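Read the structure below first, then the notes.
The values are calculated or read from the model by the stated rules, or taken from the named source; none is laboratory data. None of these values were measured; they are calculated from a predicted model. We place every Cβ from the backbone using ideal geometry, glycine too, and count neighbours over all the protein chains shown.
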Ligand code: MN3
């Protein structure tokens, strides 16, 4: 059973960096739409019993299931995106272990934040930016459209950023750079990233 996962905070909690109106549309219309499409596509099929991860992995390996893959991956990516953000200041610091891995692999936290922004700017069209652990090395990369690193063996996402226009257009219009700059400096949930970093 695929459901619209509850937001981890109120609709207005990310203001002033992401407005209530953006969250209402982004979560309440876009993400809810992906959930509904997935439910419609798997209704009365054997896939109805799969959990979201297994649904994505199943659909990724079959070109007939591209529409299902795109919608299911978008559901997962959005769930992960909202958890990657937080309005709670205490959660915006990485663990000692994650901070030292960031310094080892990017040089400094500032360089890591800059790379997240730059990678988002350079993603042509819609997609996602990921901070991930690949065989214990940290990497920043983007994926187009609905693509998600969870289909890639050995890659563990720590954080993601949505760079589809619907994520920022109401607040920042075409200024993706400003959107990314504001969220990496103010809203990243480094506590969530640190938990992901520690888990296998
Ligand atoms: Mn989105």
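Numerical summary
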quantity: Residue that is nearest to residue 103 (Cα to Cα) [pool: residues in the range 149-161 that are part of a strand (DSSP E or B) and away from the ligand (no atom under 16 Å from the Cβ)]; calculated: 158
quantity: Single residue of the range 6-29 satisfying the filter (within 14 Å of the ligand (Cβ to nearest atom) and in a loop (DSSP other than H, G, I, E, B)) that is surrounded by the most Cβ atoms within 10 Å (Cβ to Cβ); calculated: 18
quantity: Candidates 93, 83 - the one that is at pLDDT 95 or above, away from the ligand (no atom under 16 Å from the Cβ) and either surrounded by 13 or more Cβ atoms within 10 Å (Cβ to Cβ) or farther than 21 Å from residue 144 by Cβ (or both); calculated: 93
quantity: Candidates 64, 88 - the one that is over 30 Å from residue 20 (Cα atoms) and either out of contact with any strand residue (DSSP E or B) (no Cβ under 8 Å at 6 or more places or on another chain) or within 14 Å of the ligand (Cβ to nearest atom) (or both); calculated: 64
quantity: The range 116-148: number of residues that are surrounded by 19 or more Cβ atoms within 10 Å (Cβ to Cβ), assigned to a helix (DSSP H, G or I) and away from the ligand (no atom under 15 Å from the Cβ); calculated: 3
quantity: Residue in the range 66-79 that is without any contact (Cβ under 8 Å) to a residue 24 or more places away in the chain and more than 15 Å from the chain's Cα centre (by Cα) present; calculated: yes
quantity: Of residues in the range 162-184 being outside any helix (DSSP H, G or I) and more than 13 Å from the ligand (Cβ to nearest atom), the one surrounded by the most Cβ atoms within 10 Å (Cβ to Cβ); calculated: 175
quantity: Matching residues in the range 185-200 - criterion: being surrounded by 15 or more Cβ atoms within 10 Å (Cβ to Cβ) and assigned to a loop (DSSP other than H, G, I, E, B); calculated: 187, 189
quantity: Options 102, 2; residue that is in a loop (DSSP other than H, G, I, E, B) and more than 23 Å from residue 169 (Cα to Cα); calculated: 2
quantity: Verdict on residue 73 being at pLDDT 95 or above and within 16 Å of the ligand (Cβ to nearest atom); calculated: yes
quantity: Some residue of the range 30-43 being assigned to a loop (DSSP other than H, G, I, E, B), more than 30 Å from residue 172 (Cβ to Cβ) and more than 15 Å from the ligand (Cβ to nearest atom); calculated: yes
